[in-house]
Every structure is written in C-alpha cells, then in structure tokens.
Amino acid sequence: MGQPGPVAERVRVRELDDDEGKRLVRIIRRGTGSVVTWRRAQMILLSAQGMPVPKIAEVSFTSADRVRDVIHNFNADGFDSLYPKYAGGRPKTFTLPERREIKKIAKSAPVEHDLPFSTWSLTKLAEFLVAEGVVDDISHEGLRVLLREEGVSFQKVKTWKRSKDPDYAVKKARVEHLYAIADGEVVPDPDEPQAIFCLDEFGPLNLQPHPGRQWAERGGKHKDPDRQPRRRRRATYTRPHGVRHLFAAYDLGRDKLYGHVKTTKNRTKFLEFCRYLRTLYPAEVRIAIVCDNFSPHLTTKKCQRVAGWAEANNVEIAYTPTNSSWLNRIEAQFTALRYFALDGTDHGSHREQSSMIRRYIIWRNKHAEDRRLRDIVNRANVA
C-alpha cells in the first residue's frame, strides 16, 4: 500500500488582535452598512473563532468556495475586502515589486530611514522614493492614486488595548477546544462536555422605530409618475416603556438558537436561562456554556451561585478572555436576528416586539434543518 498523501492545510483567517475582533463585532451588530459587508464580516469572525469552512458555509447559507475566497481576500487586503466595491487585484502602472516597496515605505515612519521628521507628506515621500531608486519618477498626485489603489490612506494614529487577562492563552485555548468538540474535530474525553452552548445578551431592546431596507421602484428616469411614495418610519426621541434584554444561546452541535426576553439582566436572570439550557439535554450529558466576563456571569467571593449551580448540574462555564468577547460564536447569530426581526420595525409594545423575536427564532431553527432550502441558497450564493 502506498503512503497517504499530505493533508491539505485548513483555510483559516490570519490571527486577529482584539481591536480587529471588536471591529468585526461592531460591523455585525450595528449592520449600518451593506448586507454584503456584514455577511463577509460574519464569515471572517466565525473563521477567527475556529469554525471550519464547511460549517461556516452552512451557517452563512453560502458555498464553501465563497467562504474561502472571502477569507483569502481578508488575509491579503484586510477590512477593505469586506466592502461591496472590493474587486481585488492591482493596477499595472508599476511593477508588483515596486508597488510592494512603495507601500512598505509609506507605512513606515520617516525616522526609520534616518530622516529628521516624524510624518510623511506626499512630496517628501515621492522625493525619497526617487532618491532611493525605488522608482525612476513619480508625482505626488500619482503617488496619492497608487496608495489609494493599494488601500493605504492617511489616517489618524490610534492607540489600542491588548487584553490584560493573565489567563488569556489558557481561556482562548479552552474555548477553541470546545468549538473543536462541537465541530467534530476532536473526540471528547469521557469527562468533557458533549454539548456546547454559546451564550450572550442582546440589547437593550427599546420601542423606538428601527430603520431598515425595503425593495422600491427606482427614481430618476425610471420613476413611475403614478407610483406610491415609499413607506417611511416615524422618528422620535422618546423612549417609552423602558427596555428589555434578550438572553440568547446557540447550540453548536444542533445548530439551534434559543432566546428568552427578560426585563433586566442580572445574575438571577442569567441562572434562570442557564437552567432552561440544562433541561435541553439529559442530566448525565455534560454541557458547556461559553460566555463573556459580564459581571452577572461570574462567580465572586460574595456570590458563589454560578459556580455552585454549574458544579451541581454537570455544567462547565467557559469564559472568553477579558476584552475578547468576539470569540463567542453567538455574535454571528445576532447579525441575522437584528436584520430580520428588528430592522424596519416600529412595535407598539414590548410584547409585540418579543413575539417577533420568538417567531424569528422558531423560523430560523426550522429552516436550519431544511437541506433543500440550504441547497437553493448555496446556489444563489448571495454573499
């Protein structure tokens, strides 16, 4: 028998820092831009959380090839690749090595080249490139165009915060190991969880009108003089009847979403929802709940209820590292929930709003098992 061939390397997004992870979560949760943008951001976030390409394609209702393209583009061009007008590729005014060197120097600080100033201007940068022999000649306007084509712009220098969690590596490794169990990549030991939930709160849910999108006839030369005006939502600054909070959990193994709307989010409400999750599996099946470090999730010296309940009920509470809640896979599920259940709505009561959310979750779980629907969506490849 011949030797087995080499195992193909798994396609995965490059290592993200905490700021990049948070930026992806903001794109997904706010959803103020293009649908294409947040769908691509969802794929990148799931890949960063360790989900394999076939599973991402299944969750995102698209093809595996499309997911691979999105990941490769992000690894090459970063956040620019998430936007609809991104087309990839490079213009050929300059050779590829010249473009790479120009981009590298532009992103460096002048002091790194023994120059007596801290910031490049286009003129100084163009003069330096010619003096160093990188290019024979380039105008500052030509340099501006080239840098824009390469995705380099003149930006404010910002500070960024790295997680100070002393157990960062241990917590991240544990969460990724649980994800590997859920994805079928690792066989759990007898004492390890067999069911994995990702839990987080979504909200606050208020009764203000939510802007959204709708199909409508085009204006301009295409305008029909007899068409009805587009439906609009009222605008108001008032926030009557307080807010509500959605406690939500995503069962990775069953691809099911669960949610309860609560009036407050505290440790008591958190444990109420955890007790509900515990009832979804037999008592002898150990489960794990992945959540962030929000104070009601924690066990403190003054309150041991969370740890005591988990130990008594065959449950592991796995925390994401501090400032790294983007590792929680449920973040990607909130994208569709906001888009389909909240955008474009103007509910008159919290009961009406909660009913809409519950009906969406029921619909989502029902159609998650519909293989025919998945095949249709895969062929459409709307991402």
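The values are calculated or read from the model by the stated rules, or taken from the named source; none is laboratory data. On a predicted model such as this, the values are computed, not experimentally measured, just so you know. Ideal geometry is used to build each Cβ from the backbone, glycine not excepted, and the neighbour counts take in all protein chains shown.
Assorted remarks:
- Taken over region 287-327, the criterion of being of a type in the set (D, E, K, R) and touching a strand residue (DSSP E or B) at 6+ places or on another chain (Cβ under 7 Å) is satisfied by ASP292, GLU316.
- Here is the figure for region 319-371: residues that are part of a loop (DSSP other than H, G, I, E, B) and either over 22 Å from LEU16 (Cβ atoms) or not assigned by TED's automatic domain parsing to the domain that holds HIS260 (or both) total 9.
- Set side by side, the residues PHE202, PHE197 differ, and just one is at pLDDT 90 or above and closer than 15 Å to TYR250 by Cβ, which is PHE197.
- Region 89-114, subset at pLDDT 85 or above, touching a helix residue (DSSP H, G or I) at 6+ places or on another chain (Cβ under 8 Å) and hydrophobic (A, V, I, L, M, F, W, C), residue surrounded by the fewest Cβ atoms within 10 Å (Cβ to Cβ): ILE105
- Residues satisfying the stated conditions in region 26-79, i.e. among the acidic types (Asp, Glu) and without any contact (Cβ under 8 Å) to a residue 60 or more places away in the chain: ASP65, ASP69
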